[in-house]
Amino acid sequence: MTNEAIPGSWRAALEPALALPQSRALGGWLRAEEEAGKVIYPPRGTRLAALEHTPLDAVKVVILGQDPYHGPGQAHGLSFSVPQGIRPPPSLVNIFKELESDLGIPHPSHGNLESWAKQGVLLLNNTLTVEAHQAGSHAGKGWDAITDAAVRAVALRDEPSVFILWGSHAQNKAKRIPAIAASGRHLVIASPHPSPLSAYRGFFGSKPFSQSNAFLESHGRGAIDWAL
């Protein structure tokens, strides 16, 4: 796949997907793209950050993104998140607006969501790399099977979890994984994407943060501290 090691807690769940031809070819394709002079985000060493920060047995909430931010310095391996010092993109600004409306948490001073990830929020993009300034450029190159396997592994666990599906892309990914709904253990929160193009169609007012915490607490898993 890639030169980056799969974190131990995820290895067994992802091994079948990693053995697929498209997954095995992915690392070589990425190297060839970089050798051709293309800039790939996020940088090497951070592409599996979602899995590193949130071990499989610690996952409480899954927030699915599409692909990494494609501007300089933005992507660091967590969906919707940017490093401290980088201006939050419009979708993240809208997430913070809903967070304030939902839980009364003031707009944070930065857009780094690592503290969520360390509490059990799996911030996973469907595709884990992208060419600079080319949104969606690495879709269909081999990441889908790997990230599908990660989401499926969460859905198959006995512990109830929350799946937050913002937009049709995340919702379609979830449809490929029947285990999410089949078990009846999990809470699925689906709404339009927080993008400025769609947030006013039902993302605002959807209260995903309070819904997640109410569900987690009712199942003895403990609430997420969404404040940054």
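Listed values, structure above:
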quantity: Column: log10 I(q)/I(0), Debye, Cα scatterers of the range 60-111, q = 0.13, 0.19, 0.25, 0.28 Å⁻¹; calculated: -0.32, -0.67, -1.05, -1.18
quantity: Extension gain (nm, one decimal) between SER195 and HIS133, 0.36 nm per residue minus Cα-Cα; calculated: 20.6 nm
quantity: Cut-off 14 Å between beta-carbons: net charge of the residues surrounding ALA174, Lys and Arg +1, Asp and Glu -1; calculated: +2
quantity: Dipole magnitude of the range 53-130, debye to nearest 20 (Cβ charges: Lys/Arg +1, Asp/Glu -1, about Cα centre); calculated: 120
quantity: Top of GLU35, GLU100, GLU217 by mean-square fluctuation, Gaussian network on the chain, Cα under 10 Å; calculated: GLU35
quantity: Scattering profile of the range 24-70 at q = 0.14, 0.20, 0.25, 0.27 Å⁻¹ [log10 I(q)/I(0), Debye over alpha-carbon scatterers]; calculated: -0.48, -0.84, -1.05, -1.11
quantity: Semi-axis lengths (Å, descending) of the ellipsoid that matches the C-alpha gyration tensor of the range 1-90; calculated: 22, 20, 10
quantity: More than 19 Å apart - percent of Cα-Cα pairs taken over the range 148-228; calculated: 42
quantity: Helical mean residue ellipticity (222 nm; -39500 (n - 2.57) per DSSP H run of 4+; nearest 500) of the chain; calculated: -11000 deg cm²/dmol
quantity: More than 17 angstrom apart: percent of Cα pairs within the range 73-189; calculated: 62
quantity: Cα centroid separation, the range 35-101 to the range 142-188 (Å); calculated: 18
quantity: Cα-based Rg of the chain normalised by 2.2 N^0.38 Å, two decimals; calculated: 0.97
quantity: Heavy-atom surface of the chain, accessible at 1.4 Å and reported per residue (Å²); calculated: 43
quantity: Peptides 159-165, 221-227, 101-107, 169-175 ordered by average Cβ neighbours within 10 Å, highest first; calculated: 159-165, 169-175, 221-227, 101-107
quantity: 13 Å beta-carbon shell around LYS118, net charge (K/R +1, D/E -1); calculated: -2
quantity: Fluctuation leader among HIS76, HIS53, HIS133 - the chain, Gaussian network, Cα springs under 10 angstrom; calculated: HIS133
quantity: Net charge of neighbours whose Cβ lies under 15 Å from the Cβ of GLU33, counting Lys and Arg as +1 and Asp and Glu as -1; calculated: +1
quantity: Viscosity 1.306 mPa s, temperature 10 °C, Stokes-Einstein D of the range 119-181 from Kirkwood C-alpha radius, µm²/s; calculated: 124
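The values are calculated or read from the model by the stated rules, or taken from the named source; none is laboratory data. Note that the coordinates shown come from a computational prediction; the quantities given were computed from them, not determined experimentally. No Cβ is skipped: glycine too gets one built from the backbone with ideal geometry, and neighbour counts run over all protein chains shown. Heads up: the accessible areas ignore ligands, DNA and RNA and are worked out on the full protein's heavy atoms, side chains in. Shrake-Rupley method; radii C 1.70, N 1.55, O 1.52, S 1.80 Å.
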